[in-house]
Amino acid sequence: MAKIITLMTDFGVKSTYPSQMKGVILDRQPDAVLVDMSHGVPPHDVRTAAFMLASAAPAFPEGTVHVTVVDPGVGGTRRVLAAKADGRFHVAPDNGTLTLVAQGQRLFGPDAAPATVVAVEDETHYRRDVSSTFHGRDVFAPLAAALAGGVDIDSLGPRVEAFQRFSLPLPHRDGGTIHGQALYVDPFGNLVTNVSGRMLEALDRSRVEIHICGAVIRGLCRAYCDVPPGILLAYVGSAGLVEVAVNQQSAAVRLGAGRGTAVTVHLPPAS
Amino acid sequence: MAKIITLMTDFGVKSTYPSQMKGVILDRQPDAVLVDMSHGVPPHDVRTAAFMLASAAPAFPEGTVHVTVVDPGVGGTRRVLAAKADGRFHVAPDNGTLTLVAQGQRLFGPDAAPATVVAVEDETHYRRDVSSTFHGRDVFAPLAAALAGGVDIDSLGPRVEAFQRFSLPLPHRDGGTIHGQALYVDPFGNLVTNVSGRMLEALDRSRVEIHICGAVIRGLCRAYCDVPPGILLAYVGSAGLVEVAVNQQSAAVRLGAGRGTAVTVHLPPAS
Amino acid sequence: MAKIITLMTDFGVKSTYPSQMKGVILDRQPDAVLVDMSHGVPPHDVRTAAFMLASAAPAFPEGTVHVTVVDPGVGGTRRVLAAKADGRFHVAPDNGTLTLVAQGQRLFGPDAAPATVVAVEDETHYRRDVSSTFHGRDVFAPLAAALAGGVDIDSLGPRVEAFQRFSLPLPHRDGGTIHGQALYVDPFGNLVTNVSGRMLEALDRSRVEIHICGAVIRGLCRAYCDVPPGILLAYVGSAGLVEVAVNQQSAAVRLGAGRGTAVTVHLPPAS
């Protein structure tokens, strides 16, 4: 079985920092298959990292180890977490990164079994000299290699119920209206909202109305090219969530919208 | 034999989209060797993707599978193509991406055998739930995995002669003058033209003259460092095409040139 | 044993140039494990490449082959070097790139054995048609594949003592003061200096004082989060060198500092 390890950080792609993590992993697991999930998380933005992780992990096979290092508290008192959720392993600082993956995929798919989360106390897998500023290389990469190599997650430390989570930005429904918000702006300027496509499943999608920043979008499209270039549209995107976009342009720029922008969905009666 | 799969998209390197394609491939072909060809195609720019693909594919061994997803028509009526050209496999939307690789390498090397192009109709390899906005993950990545795994290209659909191609920007020769144009601006600002080095083979290269944006370059150099930093030069570049550059600076900026800029080559008599 | 080959260039991540190097390597060593060390070296900046290489190579296992191509003199008279240093192999143009790795790790770790450096004369490993502008693909990638495949470095050419090195920016100590400078600005804007943490080993770190651009930092921290966001700090970083940073912001921007900026460290008496 392939030992897939993905890496996500806010290090960008210019430095050698991601590659140093890979060097440490390959030193311990020479047959690991390394995949950059992204090094473009906005610096220190744990919430965006949590969203990106939860939306991308399901594309990977079970058994994959996901390392996520967006870690403004590196070297301080924050704990180190390892988790197993939805069949995938995770290592990350205890700062909210695992909020979404640890909750059983409620936003992004069918409810899954509760995650196993442990606070890592066994430091034997760490590099011999742990720096205080680069735990990606010295702590998280070696832990990922250990998990990929078959180390039992429970051997790393005690299970914990209490760990850092941010309050989930869940949509709330009020009669025929869903009050949601934008969770994530992707690099195309598409706005990914917290409104799940499943909330619209039994409805006539052509009669759904989306209100955002004063604009009104009538009906859900299937694809960008359902509208001419430059026109606003909404659709259920590849993460299973309602998205707002402008065909071939940036909805974020057009609307002046960003993470947290309110999105209201007006539902027709069930069809 | 290594199952090499390259990925080229206009997704950029900030999102998790390229990695989601990789997760899907590794789920189906755990021993695939994944190479990012580039995720920096200018958004929706199919012509640049076609050039980048045709210039880079020859560096890979025969049998490599190249996935190219620059796909503004995703989810619409455009077809899905698979091709075999010059010993390499390709999957891409039917939007012009395969124009250059499918024509037998006329611009970039010796004429090759005609390409095999099929319109994919067999959807059994696709992911179970195909989104309407992310065929890179749900359609093209699984097809690439199938081809890398040895699936016969002809099993995917009927061969087609008619598919989207843009008209080739071929140079034309008028006596001792070649009228060409810039095909591609690389990230250094070097201008890659459509004038093949083979058109200059029998000539005294020191007497070739290149006219572009009012500037005149006398003689072809071999290397950037044949001229001082900041000076314009021309040479036959690594894709076998005449290029115009400024040593250690950007020719595109210096000249105000870009894709489509006219380039005239004045030839001396054959030597 | 894994045949790890890392690639570092100034090509950026938008072009297909790094991938063309990988295609050539995989054609010759299908089981090579390829790692992008960085393609974000500032264009033509050999000194930064030398620093990045020397700071990242120790994270990789012995036997790794590191290819570094920042090569403004490509196609000219500069030689091609191969080296073995600290158990790792290197290929690079003879332009100063190997200055730091070839000197036995004096800046970054315990003194190591002298490096073996050869001037490559055996061109049998090169690609058949070597372009004059892309030796990364045509010369350095094939050499890396050859070394990863077990070719003896001494078979490539004669050992050389004289090769291009820039003068090392070593700190000098004057009584209780170390006069140093910034070697590298990382993508976070952190300033990595040439003052080794080992120079401060026996001292009371809370009483060390760092002067830079008119600012005074009193005491070395352990981690960014030892100070509030937006506050200047200094610490011994992950390369074993003193660094100056601003928690969650850019010290380079805050101070107007860059490579070469003077940094003075005032030492307390040995504790």
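Brief remarks on what is shown
- Size of the B/C contact, given as accessible area buried on both chains, probe 1.4 Å, in Å²: 2300 Å²
- The loop-placed GluC sites (Glu not before Pro) in the stretch B:106-208, going by DSSP, that have at most 11 neighbouring Cβ atoms within 10 Å of their Cβ come out as B:E121, B:E161, B:E201.
- Legend: calculated FRET efficiency, B:A262 to C:M1, from the Cβ-Cβ distance at R0 = 51 Å, rounded to 0.05, equals 0.40.
- Spin-label model distance (nm) - A:R165 vs B:R165, 7 Å beyond Cα toward Cβ: 5.8 nm
- Peptide-level mean, for A:53-62, of C-beta atoms on other protein chains within 10 Å: 5
- Under Stokes-Einstein, with the Kirkwood radius over Cα pairs as Rh, the value for the stretch C:148-232 at 20 °C and 1.002 mPa s is 128 µm²/s.
- By Cβ position, the chain A residue that hugs the axis carrying A onto B most closely, with its distance in whole Å, is A:V13, 3.
- Order of exposure, largest accessible area first, which applies to C:M1, B:M199 with probe 1.4 Å: C:M1, B:M199
- Within chain B, longest stretch clear of exposed trypsin sites (Lys or Arg not before Pro) (DSSP loop, no more than 14 other Cβ within 10 Å): B:129-271
- Charge-dipole axis of the stretch B:118-271 as Lys and Arg at +1 and Asp and Glu at -1 on Cβ define it, positive-most pick from B:V244, B:H135, B:L168: B:V244
- Helix C:17-28 axis, angle to chain C major axis (alpha carbon atoms, nearest 10°): 50 degrees
- Ligands, DNA and RNA left out, the 1.4 Å accessible surface of the stretch C:141-229 is 48% carbon and sulfur atoms.
- For A:P158, net neighbour charge (Lys/Arg +1, Asp/Glu -1) across residues whose Cβ lies under 12 Å away: -2
- The label point for A:E209 and the one for A:D45, both projected 7 Å from the Cα toward the Cβ, are 3.2 nm apart.
- The stretch C:226-258 and the stretch A:3-41: distance between their alpha carbon centers, rounded to Å: 24 Å
- Within the stretch C:154-271: Cβ-based charge dipole about Cα centre, in debye rounded to nearest 20 (Lys, Arg +1; Asp, Glu -1): 120 debye
- Teacher prompt: C:R198 distances to equivalent labels in other copies, 7 Å Cα→Cβ, nm: 5.8, 5.8
- A label point on B:G260, set 7 Å along the Cα-to-Cβ line, lies at 4.1, 4.1 nm from each of its counterparts in the other copies, closest listed first.
- Too-long pairs where the Cα-Cα distance tops 26 Å, listed order kept, from A:K3/B:K14; A:K84/C:K14; A:K84/C:K22; B:K84/C:K3; A:K22/C:K84: A:K84/C:K14; A:K84/C:K22; B:K84/C:K3
- The three principal axes of the Cα atoms in the protein assembly as shown give end-to-end lengths of 83, 81, 47 Å, sorted in falling order.
- Rounded to 5, percent antiparallel among DSSP beta bridges of chain A: 75 percent
- Cα-centred dipole magnitude for chain A, charges only on beta-carbon of K, R (+1) and D, E (-1), debye, nearest 20: 480 debye
- Whether the stretch A:118-158 is rounded, prolate or oblate, judged on the alpha carbon gyration tensor where a/c under 1.5 counts as rounded: prolate
- Accessible area per residue in Å² at 1.4 Å probe, computed on the protein assembly as shown: 37 Å²
- In the protein assembly as shown, the DSSP-assigned H stretches of four residues or longer account for a calculated mean residue ellipticity at 222 nm of -3500 deg cm²/dmol, using -39500 (n - 2.57) per stretch and the full residue count as denominator.
- Shielding by partners - mean other protein chain Cβ count within 10 Å, residues of A:227-237: 1
- For A:P229, the distances from its label point to the matching points in the remaining copies are 3.9, 3.9 nm, ordered from shortest, with each point set 7 Å beyond Cα toward Cβ.
- When the Cα positions of C:A202, C:M37, C:A49 are compared along the charge dipole of chain C, C:A202 comes out farthest toward the positive end, with charges on each C-beta of Lys, Arg, Asp and Glu.
- For C:D122, B:D138, the ranking by accessible surface with the largest value first comes to C:D122, B:D138, using a 1.4 Å probe.
- Amide H partners (placed H, <5 Å) of A:Q181, local residues excluded: A:N194, A:V195, A:V263
- Helix B:46-56 and the longest principal axis of the C-alpha atoms of chain B enclose an angle of approximately 80°.
- Per residue of A:65-78, other chain Cβ atoms within 10 Å of the residue Cβ number 2 on average.
- Taking amide H as placed 1.01 Å from N in the peptide plane, A:L81 has its amide H under 5 Å from the amide H of A:A92, A:D94, A:V120, each at least 5 places away in sequence or on another chain.
- Distance from the stretch A:129-146 to the stretch A:177-221 (C-alpha centre basis), Å: 40 Å
The values are calculated or read from the model by the stated rules, or taken from the named source; none is laboratory data. From a predicted model like this one, the values you see are computed outputs, not experimental measurements. In this analysis, Cβ positions are derived from the backbone assuming ideal geometry, glycine residues included, and neighbour counts consider all displayed protein chains. These accessible areas exclude ligands, DNA and RNA; they are computed on the full protein's heavy atoms, side chains included. Shrake-Rupley method; radii C 1.70, N 1.55, O 1.52, S 1.80 Å.
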